[in-house]
């Protein structure tokens, strides 16, 4: 790794030019106003940010990255970390897609009933990351069957500026019918009309059916991560 800490956000961006996956990961998960530092060499990338609650989130990517001081850590899948310091939380994958190919497709219907959305997520996707009234939400998209809410999802814009899908969920009675895939395509069409050109999403590594659906839409895998909480002294 580089021998010194990079404290300037623009310098880190400049070094990462030409490294598409690392650059997208860095700009997605490191808002410039909360950036602390980075260590970068030709094979590895580490950086840390300070969250709104004062906790520190860090990423360590590559085969031999610096593990920065943090409360929460995400690493490249398969990277070994000290089990006495970090407790494994989950494995997840980061995908992204350009919206241009969806400009001529059907635009999703909007969902605006917060109580209905909350009830749907509570019943069919209780571990959803985004719920009504989250300030990052751009819109909720929906698919209905006989006036029943059958599939639902949010498009959000993080403080980094990155636009992401979140809380994509299908009613248990309508699963395995391609509704989530159709919804995502229609939401991408609406995103295009809003002038949004690139969208990402995170999905648990073991959610193979969701990953297949996203890949059919055209999403490309950017990175595979493991997440940890710091438990050491």
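FYI, it's all coordinate maths here, none of it is from the lab. It should be emphasised that the depicted structure is a prediction, and the values quoted were computed from it without experimental measurement. For neighbour counting, all protein chains shown are included, and Cβ atoms are generated from backbone atoms with ideal geometry for every residue, glycine included.
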Separation in nanometres of the label points that stand 7 Å from Cα toward Cβ, at residue 229 and residue 131: 1.8
Name the residue, out of 133, 176, 44, whose mean-square fluctuation peaks in a Gaussian network model built on the chain with Cα pairs under 10 Å. 133
Compute the distance in nm between two label points, each set 7 Å from the Cα along the Cα-to-Cβ direction, one at residue 147 and one at residue 8. 6.3
Please compute the contact order of the chain in relative form: average sequence separation of alpha-carbon pairs under 8 Å and at least six residues apart, divided by the residue count, as a percent. 25
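For 43, 224, what ranking results if the residue with the fewest other Cβ atoms within 10 Å of its Cβ goes first? Mind showing how you got there, number by number?
Details: 43 11, 224 14.
Result, fewest neighbours first: 43, 224.
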FRET efficiency, 1/(1 + (r/R0)^6) with R0 25 Å, evaluated for residue 52 and residue 83 via beta carbons: 0.30
Which distance in Å, rounded to a whole number, links the C-alpha centroids of segment 103-130 and segment 21-59? 30
With the label point 7 Å along the Cα-to-beta-carbon line of residue 172 and a cut-off under 12 Å to each amide N, the hits in segment 96-138 are 122-126
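Could you tell me the relative contact order of segment 41-128? Use alpha-carbon pairs under 8 Å, at least six residues apart, and round to a whole percent.
On the way: 77 pairs, mean separation 14.0, N = 88.
Relative contact order comes out at 16 percent.
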Helix 179-193 versus the longest principal axis of the chain: what angle, 0 to 90°, nearest 10, using Cα atoms? 80
Please find, in a Gaussian network model of the chain (springs between Cα atoms separated by less than 10 Å), the residue of 170, 11, 25 whose mean-square fluctuation is greatest. 11
Counting only DSSP beta bridges with both partners in the chain, the antiparallel fraction in percent, to the nearest 5, comes to 90
Based solely on its DSSP helices, what 222 nm [θ] is calculated for the chain when runs of n ≥ 4 H residues each add -39,500 (n - 2.57) and the sum is averaged over all residues, nearest 500 deg cm²/dmol? -7000 deg cm²/dmol
With Cα atoms, 0 to 90° folded angle of helix 208-217 axis to the chain main axis: 80
Using Cα springs under 10 Å in a Gaussian network model of the chain, which residue among 147, 14, 207 shows the largest mean-square fluctuation? 147
